[in-house]
Amino acid sequence: MGAKIQAISYYLPEKVLTNHDLAERFTEWTPNEIEHQTGIVERHYSAEGEIASDCAVAAAELLFAQHNIDRQEIDFLIFCAQSTDYASPTTACLIQHRLGLRTSIGAIDINLGCSGFVYSLSVAKGMIEAVGMKNVLLLTAETITKSLHPQDKATLALFGDAGAATLVTNATSTRPNIGQFVFGTDGSGAEMMIKRNGHFRNPFTHLWGIDYINELDQVCNDNCFQMNGIGVFSFSMRTAPALVKATLEKHHYTYDDIDLFIFHQANGFMLDVLRKKMRIPPEKFFTYIRNCGNTVSSTIPIALAEALKQGKAKSGDKVLLAAFGVGLSWAGTVIEV
C-alpha cells in the first residue's frame, strides 16, 4: 500500500501588508526595491487574536467544502506549527474538537518551521503504510508576523501568515505516489533563525522588552523572531543543491525525470539564484510567493495547490519537493500528482 496527496486547500488572512506600506515605514526603500530583493509584493497578516490554529481550522474547513470531503472519514490529524495555542495540551487535540472530528482518531503536533511540511508528509505516509490509516489530515499553519519586530524590515518584508490543509490518503495503485525521503539537521546553526524568549529556557519574564542592534545592524528583541539573512542565504545555497541531488539519487532519477521542482518559498530572489545554480529550466521551477510571502511550513502546500490549479503540475507528473530552513533542518521527496 502506498500514500498519495488527495487534495489541498489553503487559507490566507484578510489583512494585507503591501510593499507600498513598507516603503512608507522605511523611507530608504522603494516598493520596486523590496520586490527585487524578495520577489514579494504583498503578504497577509493575521487579525488581532487570530492565531496559527485558527488559520489551520479555516484551511481545513475549506478543504472539506472545496473537495467534498467527509470529516468523519479522517483517521489521524497532524498539526505542524511552531506557534501552538499552549505549552500544553497538544494543539492538535484542540483542533480535533473544533473541527468536529471523531474521538477515535489520533492527533499530534509537530514543532517544525520551514521544513515542516515535508517532514510531516513523511509521518502521514508512515501512518498509512505502516499503521494502516486511510485518511490523514495534515495541517500546517503559522502566524509568524505576530513575532516580528516592527522595526526589523528584513523579516517584515519576507513573512506572511497562512494555513494549509492537505489530505493524505492510501493509494490504490501499486505504485506509491509519495516517494522516499531525505532528511538533514544541523542544530549548530539554530541561531540563524530563532525566537529566544517565550518558553522554558528563556521565559517571557527574561529580558522583557529590551531592544538592541545586532552585528548585522538589525533592530532586535529576544521576544521577537530574528533571522540572519546572510547566514540563511549561505545555508540555502549550500544545502538545497545537495538536498536535491540526494533526493534524486534516492529515487534513481535524474533532473530530466522530474517534471516540476517546488522548493520552500523562502525568498523569490534567492529561489531564482538557486534555480540558476542548479540549471533548472524556468518552466520546470514553480514559485508562488509574490502575493503571500514566506508562510513558513505552508509555502510548499500552497505552491503545490497553485501549480495544480494553474496546470503547471498535471496528473502523472513527478514533482520534487525540497524544504530547508529553521532548525537548521531540511527534507526532500518526490511525489507523483
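The listed residues 147, 188 rank as 188, 147 when sorted by accessible area, largest first, using a 1.4 Å probe.
Given 277/309; 146/318; 125/309; 134/250, which pairs have Cα atoms separated by over 30 Å? Checking Cα-Cα distances, 146/318 exceed 30 Å. Both radii were evaluated on the Cα set of region 1-61; the Rg over Rh quotient, with Rh as the Kirkwood radius, amounts to 1.17.
Counting only helical runs of four or more DSSP H residues, what would the 222 nm mean residue ellipticity of the chain come to if each run contributes -39,500 (n - 2.57) and the total is spread over all its residues? Mind dumping the intermediate values first?
Details: 9 runs with 103 residues, N = 337.
Dividing the helical sum by the residues of the chain leaves -9500 deg cm²/dmol.
In the context of the full set of protein chains, the chain has a per residue accessible area of 44 Å² (1.4 Å probe).
Using the Cα coordinates of region 274-329, the gyration tensor eigenvalues translate into equivalent-ellipsoid semi-axes of 19, 15, 12 Å, sorted from longest to shortest.
The calculated FRET efficiency for residue 20 paired with residue 73, based on their beta-carbon distance and R0 = 45 Å, is about 0.50. Return, ordered by residue number, the residues of region 298-325 whose backbone nitrogen is under 20 Å from a label point located 7 Å along Cα→Cβ of residue 273. Those under the cut-off are 322-325.
Simple rule: put +1 on each Lys or Arg Cβ and -1 on each Asp or Glu Cβ in region 24-162, find the dipole, and look at 49, 60, 36; the Cα lying farthest toward the positive end is 60. Note: region 1-111, Cα convex hull, 161 Å³ per residue.
Looking at region 261-307, which trypsin sites (Lys or Arg not before Pro) are DSSP coil and have at most 12 other C-beta atoms within 10 Å of their C-beta?
Numbers: sites: 275, 276, 277, 279, 284, 290; in loops: 279, 290.
Hits after loop and neighbour filter: 279.
Using a probe radius of 1.4 angstrom, the carbon and sulfur fraction of the accessible surface of the chain is 52%. Given the C-alpha centroids of region 281-337 and region 89-116, what is the distance between them in whole angstrom? Centre-to-centre (Cα) distance: 23 Å.
The values are calculated or read from the model by the stated rules, or taken from the named source; none is laboratory data. Model, not experiment: these values are computed from the prediction. Glycine gets a Cβ as well: all are built from the backbone with ideal geometry, and neighbour counts include every protein chain shown. Calculation scope for accessible area: heavy atoms of the full protein, side chains included, ligands and nucleic acids excluded. Shrake-Rupley method; radii C 1.70, N 1.55, O 1.52, S 1.80 Å.
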